[in-house]
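Heads up, the thing below is written out as structure tokens.
Quick note: the coordinates plus some simple rules give every number you see, no bench work behind them. None of these values were measured; they are calculated from a predicted model. Here the Cβ positions follow ideal geometry from the backbone for every residue, glycine too, while neighbour counts run over all protein chains shown.
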Amino acid sequence: MAKPKAAVQYACSECGYAAGRWFGKCPACGEFGTLVEEAPADSRAAAAARPTVRLVDVVAEEGERIATGVPELDRVLGGGLVPASLVLVGGEPGVGKSTLLLSVLRAVSGAHRALLVTGEESAAQVKLRAARLGGAEGVEILAETELDAVCATLEQERPEICVIDSVQTLYSAELGSAPGSVAQVREAASRLLRVAKEAGVAVFLVGHVTKDGAVAGPRVLEHLVDCVLQFEGDRYHEHRVLRAAKNRFGSTNELAVFEMTGTGLVGVPEPSELFGRTVEGEVGAAVACALEGTRPLLLEIQALVSPTDLAMPRRVGTGVDPKRLAMIVAVLSRHAGIALGQADVFVNVAGGVRIDEPGADLAIALAIASAAKGAPIRHGIASFGEVGLTGRLRPATQAERRLEECAKLGLSAAVAPTGTKARGRLRILEAETLRQAARAAIDAERPEAG
Ligand SMILES: Nc1ncnc2c1ncn2[C@@H]1O[C@H](COP(=O)(O)OP(=O)(O)OP(=O)(O)O)[C@@H](O)[C@H]1O
Ligand SMILES: [Mg+2]
């Protein structure tokens, strides 16, 4: 006999509209594909009122953060892992989520109890990875996908740190829907949140991402957790970038670079060394000094400008926001006298890093200008500054920090908006407009060889 089904509700994850049936398009806000299954609300007995307290009476002990043993990860988390917090780690398949978190468990297992709940791989598979990383003998492991069992184990065993790999494999039999469905993922996250706070377990949730990079499952998952970390980079390159998309205990601008090796992920403490080098005389390459959180980062930006017959020339950016790229191309054409109307423009940021910061605009513009003119940027020059729609450069924040980084890496000069104060031996090539910046940076005497 079929089990009697509880009444299912569907709610829009954007506007909260609820209905008894599913719609492809939300009748209230008009968004597509946002209606998700809601767990039927259980009828609760009337609760008694509770006393409230004033904030002044709240005893808050600033919990000591747990060092994860991966200094790069600690920085992205805002100075270590906060006890009893819930951290969601998202990333594409094979990017190295399990590897990173196993190395965290390995590092903390000496001083704390560390548990790995694996629903995706068998204990034997994890053992093989652990053998490759080495030294993870003290990590406890539980191969389980049933949510109730996982929560009960956490409540009883109370490890300091637990990794759930992955949240999409957990399922609760109460909810009828398949593992990985929106309702299941949300239920798993909210139950784990409760357990994390009550039992004092810091939980890392591994989350799969959809094709467009969002963590699979409703946005609600991101609201529930304390931190959302994104692990980026493609599996064909050895460099991976970890950044915080949300952090209740620190800045979200921090970024960490890792290198995938046979023995696991190795942090790259000086990514500027790696990504900030250009080859002398190369046309279409510029060095940007971007600011990621508390650290300045030198990045090589490459551009290619190629004539096209397309009515709509292409503007393709890897690691650059397409809208920003279109804007920079337009400003170059309109205010710097560089005609790009009949040309495809491709821009690439070194090392698979993505830049969101407007301070990198100038370097993108200079790389494109160099490619269009067929003349290289003078060697040993970095640049930073925001490009305005009028073609005027706007000062970038924390100029001193950027200049320090340029000097540290042995660059000789920096192109920067007027008003930037020089520091140390680094020369500043001040420019009021994009046109002036291009004139100062591009070595017109050295046209492309060959
Ligand atoms: N022997 C090895 N030497 C070097 N790199 C390896 C080796 N074995 C695995 N890798 C790297 O580890 C990556 C897989 O890492 P991991 O399993 O941690 O990824 P994941 O993000 O957990 O993937 P999934 O989403 O499938 O669980 C591979 O893409 C590969 O780059
Ligand atoms: Mg994995």
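Summary of computed values
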| item | result |
| --- | --- |
| Average Cα contact separation per residue, the range 294-381, under 8 Å, 6 or more apart, as relative contact order % | 41 percent |
| Cα pair distances in the range 281-328, grouped into 5 Å bins until the bin that holds the longest one, percent each | 5, 15, 20, 25, 17, 9, 5, 3, 1 |
| Over the chain, relative contact order from alpha-carbon pairs under 8 Å, at least 6 apart, % | 11 percent |
| Net charge contributed by nearby residues that have their C-beta within less than 10 Å of Gly90 (K/R +1, D/E -1) | -2 |
| Those aspartates and glutamates that a straight Cα-Cα span of less than 13 Å connects to Lys373, excepting residues fewer than 8 apart in one chain | Glu282, Asp443, Glu445, Glu448 |
| Shape category assigned to the range 25-124 from the gyration tensor of Cα positions, a/c cut at 1.5 | oblate |
| Gyration tensor (alpha-carbon) shape descriptor, the range 226-296, a/c threshold 1.5 | oblate |
| Pairwise label distance in nanometres, Val56 with Ala124, each label 7 Å out on the Cα-Cβ vector | 6.5 nm |
| Segments 275-286, 363-374, 119-130 sorted - mean Cβ within 10 Å per residue, highest first | 363-374, 275-286, 119-130 |
| With 20 Å bins from 0: P(r) over the chain, alpha-carbon pairs, percent | 22, 45, 29, 4, 0 |
| Cysteines having no other Cys beta carbon under 4.7 Å from their own, within the chain | Cys151, Cys162, Cys227, Cys289, Cys406 |
| Shape call, the range 77-125: gyration tensor on alpha carbons, a/c limit 1.5 | oblate |
| Relative contact order computed over the range 142-283 (Cα-Cα under 8 Å; 6+ residues apart), in percent | 15 percent |
